[in-house]
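Q: Take a look at this one; I'll ask things after.
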Amino acid sequence: MAVERTLAIIKPDAVENGHAGAILQRIEAAGFAVRAMKLIRLTKAEAEGFYAVHRGKPFFEELTTFMSSGPCIPLVLEKENAVAAWRELIGATNPANAAEGTIRKDYAESVGRNAVHGSDSVENGRLEANYFFAEHEIVANQA
Ligand code: ADP
Ligand code: MG
């Protein structure tokens, strides 16, 4: 298996509810290396840009209003097989369907306010990381 990177976000609901520390502990316990991290409040337009693939879907307005409602914490995570490993750790989109022990099972409020984001491919992870971080902010990229 190859070492990969993925883009994670601790979403505004989890930050607001005080779960950011617990989620970071799970990230570390699972053996991910954190290569970049920041706290940021997205504008509505920035949230719409990040989720452009979902434009036109019935939940797009709710999703982008939620994602711009308060601070979130994007992170670049690195590990072998990181994309699939992170999605396994976070669980299904809808917490009602998320497996026991997953982050969404334990911290998501609803299918919309579901605590965390995870990229769905290595290529999308790279594009999403570049949406939040300049090259020099991804620490392992520094000379
Ligand atoms: P995932 O985040 O698991 O990759 P999607 O890419 O399908 O899920 O959707 C992106 C985000 O949009 C979800 O994490 C969730 O916050 C929101 N979302 C998805 N489906 C719904 C829905 N039916 N109602 C409200 N929000 C939704
Ligand atoms: Mg997705």
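Q: Regarding region 6-27, can at least one residue be identified that is under 20 Å from Phe132 (Cβ atoms), without any contact (Cβ under 8 Å) to a residue 12 or more places away in the chain and either within 16 Å of ligand 1 (Cβ to nearest atom) or crowded, with 21+ Cβ neighbours inside 10 Å (or both)?
A: There is no residue in region 6-27 that is under 20 Å from Phe132 (Cβ atoms), without any contact (Cβ under 8 Å) to a residue 12 or more places away in the chain and either within 16 Å of ligand 1 (Cβ to nearest atom) or crowded, with 21+ Cβ neighbours inside 10 Å (or both).
Q: Only one residue in Glu100, Glu123, Glu135 is exposed (fewer than 14 other Cβ atoms within 10 Å of the Cβ), charged (D, E, K, R) and under 18 Å from Val34 (Cβ atoms), so which one is that?
A: Values: Glu100 fails: under 18 Å from Val34 (Cβ atoms); Glu123 fails: under 18 Å from Val34 (Cβ atoms).
It is Glu135.
Q: Kindly provide the set of residues from region 77-95 that are near ligand 1 (Cβ under 10 Å from one of its atoms), surrounded by fewer than 18 Cβ atoms within 10 Å (Cβ to Cβ) and of a type in the set (A, V, I, L, M, F, W, C), ordered by number.
A: Once the filter is applied, which keeps residues that are near ligand 1 (Cβ under 10 Å from one of its atoms), surrounded by fewer than 18 Cβ atoms within 10 Å (Cβ to Cβ) and of a type in the set (A, V, I, L, M, F, W, C), region 77-95 yields only Ala92.
Q: Which of the residues that make up region 96-132 are near ligand 1 (Cβ under 10 Å from one of its atoms) and of a type in the set (Val, Ile, Thr)?
A: Selection gives Val111, Val116.
Q: Tally the residues that are surrounded by 15 or more Cβ atoms within 10 Å (Cβ to Cβ), within 13 Å of ligand 1 (Cβ to nearest atom) and under 20 Å from Ala14 (Cβ atoms), restricting the search to region 28-67.
A: 7
Q: Considering only residues that are out of contact with any strand residue (DSSP E or B) (no Cβ under 8 Å at 6 or more places or on another chain) and either among the aromatic types (Phe, Trp, Tyr) or within 14 Å of ligand 2 (Cβ to nearest atom) (or both), which ones fall in region 109-121? It would help to see each step written out before you state the result.
A: Narrowing region 109-121 to residues out of contact with any strand residue (DSSP E or B) (no Cβ under 8 Å at 6 or more places or on another chain): 109-114, 120-121.
Val111, Gly112, Asn114, Asp120, Ser121, listed by residue number.
Bear in mind these aren't lab numbers, they're just calculated from the coordinates by the rules spelled out. Note that the structure is a prediction, hence the values are computed from the model and not measured. All Cβ positions, even for glycine, are placed from backbone atoms using ideal geometry, and neighbour counts span all protein chains on display.
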